[in-house]
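In what follows, a structure is listed as structure tokens, so that the remarks can point back to it.
The values are calculated or read from the model by the stated rules, or taken from the named source; none is laboratory data. These figures come from a predicted structure and were not determined experimentally. In this analysis, Cβ positions are derived from the backbone assuming ideal geometry, glycine residues included, and neighbour counts consider all displayed protein chains.
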Amino acid sequence: MLELKNISFSYNKQNQEYEFSLKNVSFCLNRGEKIALMGANGSGKSTLIRCINGLLKPDKGQVIVDGVELVFPDTVLEIRKKVGMVFQNPDNQIVTTSVEREIAFGLENIGTGKREMDFKVQKALEQFHLGKYRTRPPHLLSGGERQRLALASVLVMEPDYLILDEPTSLLDPAGREEILSTITAQAENEKKGVILVTQFPEEALEFDRVVILDSGEIVIQGTPDQVFSETDKIKSVGLDVPVKTELGKYLKELISGY
Amino acid sequence: MDISVVKLNFSYRSFVVSSQQALKDITLQIPSEMITAIVGSAGSGKTTLIQHFNGLLAPDSGNVIVNGKDIFADKDYVAYIRKHIGVVFQFPEYQFFEENVFDEVAFGPKNLGWSRNEIRNSVEKSLKMVGLDSEKYLRRSPFTLSGGEKRRVAIASILSMEPDVLIMDEPTVGLDPASAKIVENIMVEYYNSGRTVIFVSHNMDLVSRISHKIIVLNSGKKVFEGKKEELLVNEILLRDAGLCLPEVYKFMKNLQADGFNLNPMVFTVKDAKREMKACIKRIDSV
């Protein structure tokens, strides 16, 4: 289980009356569970996920992954091995000069043997339809293909928890659906915990729980049905409910009026 | 500015990989003073195509013709084209490099050799167009802004050159609904001011709401060019191109299939509600 207990964080620590980007955020993520994290730009989503795998150090509160508390610098590496992260813009994490080397990069760094590495890289290339680009430099892939590459190079490390910051934003609807079903399979079959940051309420409908942040605080959380039934509250924090939820609700109101 | 593309072929070349053809025999028309959307699956050639419109890439064969003249006809013409066709790239905020918002937005006009006054005016005007208060933002570092504000500053830094054609590559990606709406309105306002807008997007709701013409690419080939009403009824073509129906239209189409007598060709939540209301009224009056 991945636990966040009363996480607070501020970017501006010099200032006496600094504002917190995260205020007392707590929630748990079980293995096999999928949480959609939503919020307007600037609500603290990216800050929160950076606190989870120790890219940022929370000012207050604890991050505990499978019983191991995140302590700087003692357990940072251990936690980063367990918690894989895919950034919003794939160019921020792609470091090598070919697709194949990019996928192998993490494995090389933890000293994986050549045969095992080749096998895993091959599998990832196939799974993410990147086989035909094996030797291509990543900058000659399209935006959506680079997003698939970023995801592949994180999944190949087999982390127990996956944190994904809008990993499908540059993909076409079919590609997005495929990535989502890959993520779902990771949660259901491999029992991984998944946190997905998304701006698409339609994606969140497929998840177990939805957590909504506003100004660094959790304002609503629950199952998608519970959360999206609060249309006015969702809109007040600058988000949309799924189109079919909104129109469906309107139709019910119309019919009950007659 | 009319843009037309005639039998365009293009391959990326690299020392390490054999070349692969990114665009195949593309012929199309982008009418002026309209909003044209370019859609298609990841890797279908959308970004490659728009980089031809202002001569960032040169075709292997075929032509890009703007106002009746090939953009590579002479050196002066391609320079002229680059001044008048502005491109906002994917995640444009990652290209920030100036210390404050003013310098960032003024960078283009400065390079065009405008006077101080002209530069100042264009910066203020373009910040206003993207809904940012110049008093408040001019001196701020672009790196301290929120995601939505950054995107708007990046768009302003192209608008400040007052291009006749505005091209945007995935302009709403990574934005929350409120910021995405602002960017959508920027495109509509730019079109309303008599200019041409071209954008690439995977968001079919956005595409169906604001575009007058849609071009669909699939594996480097043009597979559709026309109106949204024609595209949306061609589900096989949509599926093959990795696209889906807009959520609003999909909902209305399902209602129609359930026996509601209504017109499913609506693209905004507001219009959908109006259509549903009219439909229920008709049932009631029978």
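Values for this structure:
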item	result
Complete set of residues in region A:172-184 that are of a type in the set (A, V, I, L, M, F, W, C) and at pLDDT 85 or above	A:179, A:180, A:183
Residue within region B:240-248 that is among the acidic types (Asp, Glu), within 19 Å of residue B:272 (Cα to Cα), within 12 Å of another protein chain (Cβ to nearest Cβ) and surrounded by 18 or more Cβ atoms within 10 Å (Cβ to Cβ) present	yes
Elements of type strands (runs of 3 or more DSSP E) in region A:11-66, at least 1 residues being free of Cβ contacts under 8 Å to residues at least 40 places away in the same chain and away from chain B (no Cβ under 14 Å)	A:22-29
Lone qualifier among A:25, A:68, A:86 - being farther than 25 Å from residue B:177 by Cβ and modelled with pLDDT of 90 or more	A:68
Residue list for region A:175-199, filter: under 26 Å from residue B:240 (Cβ atoms) and free of Cβ contacts under 8 Å to residues at least 12 places away in the same chain	A:177, A:178, A:181, A:185
Leading residue by the ranking (surrounded by the most Cβ atoms within 10 Å (Cβ to Cβ)) among those in region B:26-76 that are part of a loop (DSSP other than H, G, I, E, B) and among the polar types (S, T, N, Q)	B:44
Meets criteria (at negative phi, within 14 Å of chain A (Cβ to nearest Cβ), without any contact (Cβ under 8 Å) to a residue 12 or more places away in the chain and surrounded by fewer than 23 Cβ atoms within 10 Å (Cβ to Cβ)) for residue B:230	no
Selection count, region B:209-251, where residues are under 28 Å from residue B:7 (Cβ atoms) and in contact with a Pro (Cβ under 7 Å, 6 or more places away or on another chain)	3
Selected residue (only one of A:247, A:155, A:213, A:239 is among the hydrophobic types (A, V, I, L, M, F, W, C) and closer than 22 Å to residue B:43 by Cα)	A:155
Residue that is surrounded by the most Cβ atoms within 10 Å (Cβ to Cβ), among those in region A:139-164 that are under 19 Å from residue A:181 (Cβ atoms) and of a type in the set (D, E, K, R)	A:148
Residue count for region A:203-226, restricted to those that are closer than 24 Å to residue B:249 by Cα and buried (at least 16 other Cβ atoms within 10 Å of the Cβ)	5
Residue list for region A:110-138, filter: surrounded by 18 or more Cβ atoms within 10 Å (Cβ to Cβ), within 14 Å of chain B (Cβ to nearest Cβ) and not in a helix (DSSP H, G or I)	A:128, A:130, A:136, A:137
Complete set of residues in region B:233-273 that are in a loop (DSSP other than H, G, I, E, B), under 22 Å from the mean Cα position of the chain (by Cα) and without any contact (Cβ under 8 Å) to a residue 24 or more places away in the chain	B:266
